[in-house]
Amino acid sequence: QVQLVESGGGLVQPGGSLRLSCVASGSIRSIYRIDWYRQAPGKQRNFVALITMNGATNYAASVKGRFTISRDNAKNTVYLQMNDLKPEDTAAYYCRDPGTDYWGQGTQVTVSS
């Protein structure tokens, strides 16, 4: 089973940017789809974005136009570029392989002045 490890979270001011990485322990070429989710304290985990092996993408309405998901098969990595961050984007961000329902351990993003 391919394991996923997130990184790139941190503290950023409103309007700032961060790029999250989801690195797989093996090749991601065989993984049909990888998703990003996020979970704010006391709230349910919500879908953020997905990318398929063919490069098709989809986004939650709340992040469309601000976040971009991409994948680099050579680096076995999926990225989430987050621009124009808002306080409501504060959450732990997780990547997931829906084929195996494997979740990474998460990376914290805090947007605050």
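The values are calculated or read from the model by the stated rules, or taken from the named source; none is laboratory data. These numbers were taken from a predicted model, which means no experiment stands behind them. Don't worry about glycine lacking a Cβ; one is built from the backbone with ideal geometry, like all the others, and counts go over all protein chains shown. Each accessible area value is taken on the protein alone, full model and side chains, heavy atoms only, with ligands, DNA and RNA left out. Shrake-Rupley method; radii C 1.70, N 1.55, O 1.52, S 1.80 Å.
If you go through region 51-85 and pick out every residue that is touching a residue at least 40 places away in the same chain (Cβ under 8 Å) and touching a strand residue (DSSP E or B) at 6+ places or on another chain (Cβ under 8 Å), you end up with 11. What do you reckon, is K64 assigned to a loop (DSSP other than H, G, I, E, B), under 14 Å from A91 (Cα atoms) and basic (K, R)? No; evaluated as a whole, the condition is false for this residue. Residue count for region 19-44 satisfying the condition of being at pLDDT below 95 and among the aromatic types (F, W, Y): 1. Of the candidates T100, T110, the single residue that is more than 11 Å from the chain's Cα centre (by Cα) and assigned to a strand (DSSP E or B) is T110. Picking from residues in region 53-70 that are farther than 17 Å from K86 by Cα and modelled with pLDDT of 95 or more, the one that is nearest to the chain's Cα centre (by Cα) is I69. For region 67-106, the set of residues classified as of a type in the set (S, T, Y) and open to solvent by 40 Å² or more (accessible area, probe 1.4 Å) consists of T68, S70, T100, Y102, listed by residue number.
The single condition among (1) within 20 Å of T100 (Cβ to Cβ); (2) open to solvent by less than 50 Å² (accessible area, probe 1.4 Å); (3) within 14 Å of the chain's Cα centre (by Cα) that I31 does not meet is (3).
Here G26 passes the criteria (1) without any contact (Cβ under 8 Å) to a residue 60 or more places away in the chain; (2) open to solvent by 40 Å² or more (accessible area, probe 1.4 Å); (3) more than 20 Å from S112 (Cα to Cα); (4) more than 11 Å from the chain's Cα centre (by Cα) except the one numbered (2).
Determine whether V48 is of a type in the set (V, I, T) and assigned to a strand (DSSP E or B). Judged against the criteria, V48 is a match.
Within region 62-102, how many residues are among the aromatic types (F, W, Y) and either under 20 Å from R29 (Cα atoms) or out of contact with any Phe, Trp or Tyr (no Cβ under 9 Å at 6 or more places or on another chain) (or both)?
Selection size over region 62-102: 3.
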